[in-house]
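Reviewing the structure listed below.
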Amino acid sequence: MTAAESAYRPGSTGASRYPPIADHGLIGDLRSVALVDMAGTISWYCCPRFDAPSVFASILDADRGGSFELAPSVPARTKQFYFPDTNVLITRFFAADGVGEIQDFMPIAEDAREAERHRLIRRVMCVRGSLLFRARVAPRFDYGRQPHTLDVRQGLAIFESPSLSLALSASTPIEADGPDVCSEFKLQEGECAVFALDKLGDSVKLRSCPIAEAKDEFAATVAFWRHWLSASRYRGRWREMVHRSALTLKLLTYAPTGGIVAAATTSLPEQIGGERNWDYRYVWIRDSAFCVYALLRLGFSEEAAAFMRFLSERVSRGDRGRSGPLQIMYGIDGRAELPEVELSHLEGYQGSAPVRIGNCAVGQLQLDIYGALIDSVYLYDKMSQPISSDYWEDVHALVDWVCDNWDQPDEGVWETRGGRKNFVYSRLMCWVAIERAMRMAARRGLPADTPRWQRARDAIYRQIMRYGWSPRLRAFVQHFDDEVLDASVLMMPLAKFIAPTDPKWLSTLDALGGSLVSDSLVYRYDPEASPDGLRGEEGTFSICSFWYVEALARAGRLEEARLAFEKMLTYANHLGLYAEEIGQTGEQLGNFPQAFTHLALISAAFNLDRALG
């Protein structure tokens, strides 16, 4: 049984109620997404947008979360893949009497009114022999907190809750089973059935989805994704993995604003049974800024421009509160308030409570975001199109703020909840913020307080070299006043703070390799050596593993870099998707899929390709 193959048996119980996190594919319409497992079940779907309350959430509670099951009624082996160069997901079933498949996709509507339908289409086909299928549509609105009514008509079912109404159209007979809808049907070779789930509203009227229309929608969705991907300029060694990462980043983009969510899910655990469960369905300034770099490298300038507009609005509205002129994250619509709530009625993935919605880290001070942001502005200005004079004034104000505020402790890039510290990475990215702004001003002749900026930049450099370096460890460390290693310092040569062959950096690379690296996989830090305010352990952090590849390549250790990269590729799931972390036995942990990991893969592949020649 390969990574792309599993066994499906109807009526599975016990631990199998929670498939591995990696055993899922992702579909979406640039407003929301759904996760489909290898048994053909939609186990996560929020409608009408990424951060809306869930409709299906059996991945967080198999009993109370709700799901959309669709599979053969007999035991079958399953395989899953993407229709080439698209985000159309195919799940195939191999049974004794035949072979069937489900084509799952969400059409990308050009018409704004039709986009409000948020149609999710499931085409079921028998490609060989004959197969008996069954479906159960069991929505549980508002994370299972709202009841709903059900109205079943000829080929249609309307689920209505106080906050959301959905319509299911089916080409097969359907019937009510309590609050759910069921269907059993048999397909012969060449036959097809269609299920379509629509959001209803004032501007979205009830409409069925005939088989012929679903076929046309399939063709249109395939054409959309292939046209989008054709803009890629990547022609390197790892084209399939890089393009899958690009397609995933696009799926995580909220088209109305250009915001890019950190991940598609909430509360998938970093440790099974642990409490490190967070809601990642928001726009982190840092993650999204790095995404701009990755997309620009590949040639996707429209996505970069859309996020620049999102950033510009946030910067111009900055209130310079206690966490600075920018928050570390925003809602996908740009809202600032993201109150964190625990959903105690949900048991969590494999019992990993609590399930959280919202994120109270929104109020943290994380100084590194200014470096990530201004670096992305610098790259956009250099590689895409010059920023406007008004936007430069906003950038100028941000750099002035950084000059006044860089020398203070913060919560750091890892959003620790153990108190503020003088993190080296935060200082590094403050240096990046000022240095990139100085480059931009010099290249374009823009007005800047250059003497003041240079004094602050140089002061940061000297402080890192004096207090961020451990003579005993012969390495740069996590924060001042301690001797803890941290993988975030892998960004030092990547950000051009230090030469990749500088003796201090090479000894740091060796120290990290000896303490935080396990078979090419990299831990962020040791929570026992540097308590972060949370209980439990975590897996290796995949973005750090890709940073390690880049650092090795830039240090001239190309054979090691290539081997580490190839090993990392083996930890992807069967579709080329990554969660946030990798566990002790190679399992994926944390929210899924994770934008940070995929953008780091793109960057590592691009730079490793260039180094290899």
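Compute from the Cα atoms of region 38-78 the Rg and the Dmax, the latter being the longest Cα-Cα distance, and quote both in angstrom.
11.8, 36
Apply 1/(1 + (r/R0)^6) to the Cβ-Cβ distance of residue 388 and residue 205, taking R0 = 45 Å, and write down the FRET efficiency to the nearest 0.05. Each step should come with its number before you reach the end.
Working: r = 41 Å, r/R0 = 0.92.
About 0.65, to the nearest 0.05.
Mind checking which of 293, 579, 220 is farthest towards the positive end of the chain's charge dipole, using Cβ charges of +1 (Lys, Arg) and -1 (Asp, Glu) about the Cα centre?
So the residue we want is 293.
From the mean inverse distance of alpha carbon pairs (Kirkwood) and the Cα radius of gyration, derive Rg over Rh for region 372-504. Mind showing how you got there, number by number?
Numbers: Rg = 15.4 Å, Rh = 15.6 Å.
Here Rg/Rh amounts to 0.99.
Where Rh is the Kirkwood radius over the Cα pairs of region 135-222, the temperature 37 °C and the viscosity 0.692 mPa s, what D in µm²/s does Stokes-Einstein return?
Reported coefficient: 234 µm²/s.
Which of the peptides 101-114, 245-258 is most tightly packed, and how do the rest follow, going by the mean number of other Cβ atoms within 10 Å of each residue?
Values: 101-114: 18.2, 245-258: 22.0.
Listed from highest to lowest mean packing, they are 245-258, 101-114.
Taking one equal scatterer on every alpha-carbon of region 444-512, how large is log10 of I(q)/I(0) by Debye at q = 0.26 1/Å?
Results for region 444-512 at q = 0.26 Å⁻¹ read -1.18.
Evaluate E = 1/(1 + (r/R0)^6) for residue 182 and residue 227, where r is the Cβ-Cβ distance and R0 equals 60 Å; express this FRET efficiency to the nearest 0.05.
On the way: r = 38 Å, r/R0 = 0.63.
So the FRET efficiency works out to roughly 0.95.
Would you kindly state how much longer the chain becomes between residue 563 and residue 64 on full extension, computed as 0.36 nm times their sequence separation minus their alpha carbon distance, in nm to one decimal?
Details: separation 499, 0.36 × 499 = 179.64 nm, distance 4.37 nm.
Length gained between residue 563 and residue 64: 175.3 nm.
At what distance in nm do the modelled label points of residue 191 and residue 610 sit from each other, each positioned 7 Å from its Cα along Cα→Cβ?
So the two model labels end up 5.7 nm from each other.
Provide the three semi-axes, in whole Å and in decreasing order, of the ellipsoid equivalent to region 222-346 as defined by the square roots of 5 times the Cα gyration tensor eigenvalues.
On the way: eigenvalues 155, 90, 30 Å².
Values for region 222-346, descending: 28, 21, 12 Å.
Tell me, what is the 1.4 Å probe accessible area of residue 360, in Å² to the nearest 10?
70
Tell me the mean residue ellipticity at 222 nm calculated for the chain from its helices only (DSSP H runs of n ≥ 4, each -39500 (n - 2.57), averaged over every residue, nearest 500).
On the way: 15 runs with 203 residues, N = 613.
Using -39500 (n - 2.57) per qualifying helix, the result is -10500 deg cm²/dmol.
With charges set only on the Cβ (+1 for Lys and Arg, -1 for Asp and Glu), what does the dipole of the chain come to about its Cα centre, in debye to the nearest 20?
Details: 67 positive and 79 negative charges, 288 e Å.
Computed charge dipole of the chain: roughly 1380 debye.
Give the Rg (one decimal place) followed by the Dmax (whole number) of region 458-613, computed from C-alpha coordinates and expressed in Å.
Over region 458-613's Cα set, Rg and Dmax evaluate to 15.4, 48 Å.
With axes computed from alpha carbons, what is the tilt in degrees of helix 558-570 against the longest principal axis of the chain, rounded to the nearest 10 within 0 to 90?
Between helix and principal axis, roughly 30 degrees.
Taking 2.2 N^0.38 Å as the expected size of a compact globular protein, what ratio does the Cα radius of gyration of region 574-613 give against it, to two decimals? Could the numbers behind the result be given before it?
Values: Rg = 12.1 Å, N = 40, 2.2 N^0.38 = 8.9 Å.
In units of the globular-protein estimate, region 574-613 measures up at 1.36.
Which percent of Cα-Cα pairs in region 44-136 sits in each 5 Å bin, short to long?
Histogramming region 44-136 at 5 Å steps yields 3, 12, 17, 19, 21, 15, 9, 4, 1, 0 percent.
On C-alpha positions alone, give me the angle between the axis of helix 368-383 and the longest principal axis of the chain, in degrees, nearest 10.
Around 80 degrees separate the two axes.
Whole angstrom only: what separates the Cα centroid of region 134-204 from the Cα centroid of region 336-350?
26
Sticking with the crude label model, points 7 Å out along Cα→Cβ, report the distance from residue 127 to residue 151 in nm, one decimal please.
3.9
Working only with C-alpha atoms, what are the Rg and Dmax values of region 177-296, expressed in angstrom?
Computed over the Cα atoms of region 177-296, radius of gyration and Dmax are 19.7, 54 Å.
Calculate the spin-label point distance for residue 404 paired with residue 340, positioning each point 7 Å from the Cα along the beta-carbon direction, and give it in nanometres.
Each label point is offset 7 Å from its Cα along the Cβ direction, giving 2.9 nm.
Please report, to one decimal in angstroms, the Kirkwood hydrodynamic radius of region 118-160 built from all distinct Cα-Cα pairs. Let's see the in-between values first.
Values: mean 1/r = 0.0745 Å⁻¹.
Across region 118-160, the inverse of the average 1/r is 13.4 Å.
For region 496-510, in order, what is each residue's ³J(HN,Hα) by Karplus, 6.51 cos²θ - 1.76 cosθ + 1.60 with θ = phi - 60°, in whole Hz (x at glycine and Pro)?
6, 6, 9, 5, x, 10, 4, x, 5, 6, 4, 6, 5, 4, 5
Using +1 at the Cβ of each Lys and Arg and -1 at the Cβ of each Asp and Glu in the chain, identify which of 158, 437, 515 lies farthest towards the dipole's positive end.
So the residue furthest toward the plus end is 437.
Rounded to the nearest 20 Debye, what is the dipole magnitude of region 79-214 about its Cα centre when Lys and Arg each give +1 and Asp and Glu each give -1 at the C-beta? Numbers along the way, then the final one.
Details: 17 positive and 20 negative charges, 42 e Å.
Result for region 79-214 is approximately 200 debye, rounded to the nearest 20.
For the chain, report the % of Cα-Cα distances exceeding 40 Å. Provide the component values of the computation, followed by the final result.
Working: 49956 of 187578 pairs.
Counting pairs separated by more than 40 Å, the tail of P(r) holds 27 percent.
Treating the angle as unsigned and between 0 and 90°, give the value, to the nearest 10°, between the Cα long axis of helix 450-467 and the longest Cα principal axis of the chain.
90
Which whole-Hz couplings ³J(HN,Hα) result when phi for each residue of region 138-148 is put into the Karplus expression 6.51 cos²θ - 1.76 cosθ + 1.60, θ = phi - 60°, listed in order with x for Gly and Pro?
For region 138-148, the Karplus-derived couplings read 10, x, 9, 5, 6, 6, x, 9, 10, x, 9 Hz, x marking Gly and Pro.
To the nearest 20 debye, what charge dipole does region 451-557 have about its Cα centre, counting +1 at the Cβ of each Lys and Arg and -1 at the Cβ of each Asp and Glu? Numbers along the way, then the final one.
On the way: 13 positive and 14 negative charges, 158 e Å.
For region 451-557, the charge dipole is close to 760 debye.
Towards the positive end of the charge dipole of region 69-143, with charges on Cβ (+1 Lys, Arg; -1 Asp, Glu), say which of 93, 126, 75 has the farthest Cα.
Towards the positive end, the residue furthest out is 75.
Taking 0.36 nm per intervening residue step and subtracting the Cα-Cα distance, what contour gain separates residue 240 from residue 212 on full extension? Don't jump to the answer; show the numbers that get you there.
Details: separation 28, 0.36 × 28 = 10.08 nm, distance 3.13 nm.
Length gained, residue 240 through residue 212: 7.0 nm.
Could you tell me what a quarter of the Cα convex hull surface of region 417-460 works out to, in nm² with one decimal place? Write down the numbers at each step before the final one.
Numbers: hull surface 14.8 nm².
About 3.7 nm², averaged over all directions.
Using modelled backbone amide H atoms (1.01 Å from N, in-plane), which distant-in-sequence or interchain residues come within less than 5 Å of residue 591's amide H?
268, 580
Any idea what diffusion coefficient region 66-201 gets from Stokes-Einstein, in µm²/s, Kirkwood Rh on alpha carbon pairs, 25 °C, 0.890 mPa s? Display every interim value, and only then the final one.
On the way: Rh = 15.8 Å.
Answer, rounded: 155 µm²/s.
Given region 188-248, report the % of alpha carbon pairs whose separation exceeds 15 Å.
68
From the cross-link list 186/215; 421/567; 250/382; 382/421; 186/250, which pairs have alpha carbons spaced over 25 Å apart? It would help to have the intermediate numbers written out before the result.
On the way: 186/215 19 Å; 421/567 34 Å; 250/382 22 Å; 382/421 34 Å; 186/250 36 Å.
Distance filter (> 25 Å) returns 421/567; 382/421; 186/250.
For a Förster distance of 51 Å, can you work out the FRET efficiency between the beta-carbons of residue 110 and residue 472, rounded to the nearest 0.05?
0.25
The values are calculated or read from the model by the stated rules, or taken from the named source; none is laboratory data. In this text, all values refer to a predicted model and were calculated from it rather than measured experimentally. Cβ coordinates were reconstructed from backbone atoms using ideal geometry, including for glycine residues, and neighbour counts include every protein chain displayed. SASA here: full protein model, heavy atoms, side chains in, ligands and nucleic acids out. Shrake-Rupley method; radii C 1.70, N 1.55, O 1.52, S 1.80 Å.
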